[in-house]
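Heads up: the structure comes next, in structure tokens.
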Amino acid sequence: MAIGTDHRAIAPLRRAWGRALIIGGVLLLILTALAQALNAAGILQLGLTNWRPTLLAFLLFSVALGAGQVLMRGQAGWRALFILPAGLFTAAMAIFPTLFGLSIAFTDWNLASLTGQKFNGLDNLWQLLHDPFYWNAMLNMVIYLLFVLVEYAIAFALALLLNAEIRARKFWRVVFLIPLMLSPVAVSWMVGKSMLEYRFGPVARFARWLGFQNPSFFTDPWIARIWIEIMDGWVSIPFVMILLLAGLQAMPKEVIEAAKVDGASPWQRFWQITFPLMLPVSLTAIVLRIIFKLKLADIVITVTSGGPGGATDSVSSFIYREYRDRSNVGYGTMLAMFYLVAIVIFITFLLNTLSKRMRRMT
């Protein structure tokens, strides 16, 4: 049959062969990966010392998928071959590490132990559900996420300021973007470890000059959380600000000018025109900031290591210390996988809710 033939004219036998190729490739990949995972967990002793069989099965699956597309869809299948490498690369870089992590999450594997990796079923999950420090870190993440609204308000105010006709506007835009160019680790040392050092830091000395006897910025849980948020917000607010500034500059000027002619006050122009028109950009900026906030770890690890008493711990920093301090690979991976599932559910719910609200408003 010619390549350019409509796929509806493809012979049923040819389509059946294509479907069989794809199903066979999928089954081969699943069975090989499952066998490797069971072997790595110690459930089955198959003598597999590495993951090369799974890699070979993935390559065979890729060939079977491409050939099956051509057999089933004709010319459309040939066109699909151009995007197939990108999809397979994404699967190799994202899906396989996740599956490998799942195979570790259900094992008892401590690098300090000589026994190596052992399958322990749901023990890690039960330990997670009864781990107060992990749930404390989850609660801290809720608090940090609520601060995103404060960051958004500050970023919006700065965007409005930099969009106005002020002197040296280009200079101030560069100045406000400087924190975004810094590494969070550098900010942690520059601010958290130097300026806020309770003995010789300049902020502590200034506090003593004001009359405070023993200024310490990371001993009270709420004060410590606020300082972590200040440092993280200082680094991240410019990112939200630049997105909002781009949205403000893309707004039609005629609408604002018409509102001025009609006698609308600056507050009325903002609340009834600017803010509603900026809502799609605002929601995009907030969602992106939430995603970045969920990965908060470096500032916490560098400045407080989760202290005092886990009060500033983020989930990522807690998982990091589970790996670093306790060498508990199996349990740490279970913590990470559980957090990944929670993030996927939360972001999916958030995007669906925002999408429904936007459709109602339009």
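The values are calculated or read from the model by the stated rules, or taken from the named source; none is laboratory data. For clarity, every value in this text was computed on a predicted model and none was experimentally measured. Virtual Cβ from ideal backbone geometry, glycine too; neighbours counted across all protein chains shown. Side chains are part of the model used for accessible areas, which takes the heavy atoms of the whole protein and leaves out ligands, DNA and RNA. Shrake-Rupley method; radii C 1.70, N 1.55, O 1.52, S 1.80 Å.
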Within region 163-175, of all residues that are assigned to a helix (DSSP H, G or I), touching a helix residue (DSSP H, G or I) at 6+ places or on another chain (Cβ under 8 Å) and of a type outside the set (S, T, N, Q), the one farthest from Ile223 (Cα to Cα) is Arg169
Here the residues within region 36-50 that are under 31 Å from the mean Cα position of the chain (by Cα) and either surrounded by fewer than 17 Cβ atoms within 10 Å (Cβ to Cβ) or modelled with pLDDT of 90 or more (or both) are Leu38, Asn50
Can you find, within region 267-302, the residue that is modelled with the lowest pLDDT among those that are surrounded by 14 or more Cβ atoms within 10 Å (Cβ to Cβ) and charged (D, E, K, R)? Arg269
Check Ile104 against each of (1) over 22 Å from Ile10 (Cα atoms); (2) open to solvent by 20 Å² or more (accessible area, probe 1.4 Å) and name the one condition it does not meet. (2)
Any idea which of (1) within 30 Å of Val287 (Cα to Cα); (2) open to solvent by 80 Å² or more (accessible area, probe 1.4 Å); (3) not acidic (Asp, Glu) is the one Ala137 doesn't satisfy? (2)
Looking only at region 72-84, count every residue that is within 21 Å of Ala20 (Cα to Cα) and under 33 Å from the mean Cα position of the chain (by Cα) and tell me the total. 4
Mind checking which residues of region 176-210 are open to solvent by 50 Å² or more (accessible area, probe 1.4 Å) and either at positive phi or not in a helix (DSSP H, G or I) (or both)? Leu182, Ser183, Tyr198, Arg199, Phe200
Has region 210-230 got at least one residue that is within 28 Å of Leu288 (Cα to Cα), modelled with pLDDT under 85 and out of contact with any helix residue (DSSP H, G or I) (no Cβ under 8 Å at 6 or more places or on another chain)? no
